[in-house]
1. For region 63-74, name all the residues that are open to solvent by less than 10 Å² (accessible area, probe 1.4 Å) and either under 21 Å from Val110 (Cα atoms) or among the small types (Gly, Ala, Ser) (or both).
2. Within the group Ala37, Ala72, which residue is without any contact (Cβ under 8 Å) to a residue 60 or more places away in the chain and part of a loop (DSSP other than H, G, I, E, B)?
3. Does Val38 fit the bill of being farther than 17 Å from Glu108 by Cβ, in contact with a strand residue (DSSP E or B) (Cβ under 6 Å, 6 or more places away or on another chain) and modelled with pLDDT of 90 or more?
4. Could you run through region 25-34 and say how many residues are part of a loop (DSSP other than H, G, I, E, B) and charged (D, E, K, R)?
5. Suppose we filter region 91-114 for residues that are among the polar types (S, T, N, Q) and more than 19 Å from Tyr17 (Cα to Cα); how many remain?
6. Checking Ile59 against (1) within 20 Å of Pro103 (Cα to Cα); (2) of a type outside the set (D, E, K, R); (3) free of Cβ contacts under 8 Å to residues at least 12 places away in the same chain: exactly one of these is not met. Which one?
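The values are calculated or read from the model by the stated rules, or taken from the named source; none is laboratory data. All of these numbers come straight from a predicted model, not from anything done at the bench. Neighbour counts are summed over all protein chains in view; Cβ atoms, including those assigned to glycine, are modelled from backbone coordinates with ideal geometry. We work out accessible area using only protein heavy atoms, side chains counted, and drop any ligands, DNA or RNA first. Shrake-Rupley method; radii C 1.70, N 1.55, O 1.52, S 1.80 Å.
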Amino acid sequence: MIFCVEDDDAIRGLMLYTLNAAGLEARGFSDGESLFAVLAAERPRLILLDIMLPGEDGISILKRLRAQAVTAEIPVIMATARGTEYDKVTGLDLGADDYLAKPFGMMELVSRVKAVLRRCAPQQLRRHLAAGGLTVDLAEHTVTADGERVVLTRKEFELLRLFLSSPGVVFTRETLLSSVWDTVFTGETRTVDMHIRTLRQKLGRCGAMIETVRGVGYRLEGKL
């Protein structure tokens with residue numbers, strides 16, 4: 001559900017018609033009071049909020065939305081009069097996700113709404129990481145190399161997960177110590193080298209994907 005807060009009946013009606021026609025269910029409000037009355041019982045996917053409203057203005061409403069835990073994460077697109085740069089900057093500084101300059105086209109409205117919804121949608125946690133013949137199942141905490149199950153220690157698994165998360169990226173030994181061992185670098189990096197050596201051995205042919213970058217650290221190439 002998209003909530004549209006706009007005091008002009010004609011503009012609000014056109015916005016609601018356009019959003020509903022685009023498959024985005026929408027509901028309109030003429031002021032902040034009516035908006036907050038419904039927010040107590042229903043949480044929208046996004047709020048379109050005009051700045052110039054009777055009674056409480058849009059900037060004040062945005063402050064209230066961001067100050068309350070139940071509404072703080074709702075995406076908000078502010079509608080501002082063209083040329084009012086101060087309102088745009090203020091809205092964005094207070095946590096607005098985007099703004100529309102009036103008068104705006106209905107196609108632009110739909111495009112901006114869809115873009116913010118995509119950007120603010122919760123990211124799905126990745127279950128699998130894979131490269132070459134390697135596959136890591138993060139949920140089951142398992143590893144296969146060329147289709148064969150490989151048993152790794154916890155540190156070896158975390159090293160491989162880190163490499164597969166960013167193939168091609170060079171990790172220094174200091175970074176690996178900090179990320180996998182939660183240890184601040186104090187000059188000793190043999191622990192990393194030893195774990196990389198055993199990890200390569202356990203991965204068999206796929207172990208060659210973990211490359212040594214001389215004088216820097218290690219990286220995982222996506223292909224053998």
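1. Step one: of region 63-74, the residues open to solvent by less than 10 Å² (accessible area, probe 1.4 Å) are 65, 71, 74.
Within region 63-74, Ile74 is the sole residue that qualifies.
2. Ala72
3. For Val38, the condition - farther than 17 Å from Glu108 by Cβ, in contact with a strand residue (DSSP E or B) (Cβ under 6 Å, 6 or more places away or on another chain) and modelled with pLDDT of 90 or more - is not met.
4. Here is the first cut: in region 25-34, the residues part of a loop (DSSP other than H, G, I, E, B) are 25, 30-31.
Still in the running and charged (D, E, K, R): 25, 31.
Total satisfying the criteria: 2.
5. Qualifying residue count, region 91-114: 0.
6. (3)
Residues are listed down the side, and each one gets a yes or a no for (1) touching an Asp or Glu at 6+ places or on another chain (Cβ under 8 Å); (2) over 11 Å from Val5 (Cα atoms); (3) of a type in the set (D, E, K, R):
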position	(1), (2), (3)
Glu33	yes, no, yes
Ala37	no, yes, no
Ala41	no, yes, no
Ile47	no, no, no
Ser60	no, yes, no
Leu100	yes, yes, no
Pro103	no, yes, no
Leu109	no, yes, no
Arg119	yes, yes, yes
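For (1) part of a strand (DSSP E or B); (2) free of Cβ contacts under 8 Å to residues at least 60 places away in the same chain; (3) open to solvent by less than 70 Å² (accessible area, probe 1.4 Å), each residue gets a yes or a no:
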position	(1), (2), (3)
Val110	no, no, yes
Val113	no, no, yes
Leu117	no, no, yes
Thr135	yes, yes, yes
Thr144	yes, yes, yes
Arg149	yes, yes, no
Lys155	no, yes, yes
Phe163	no, yes, yes
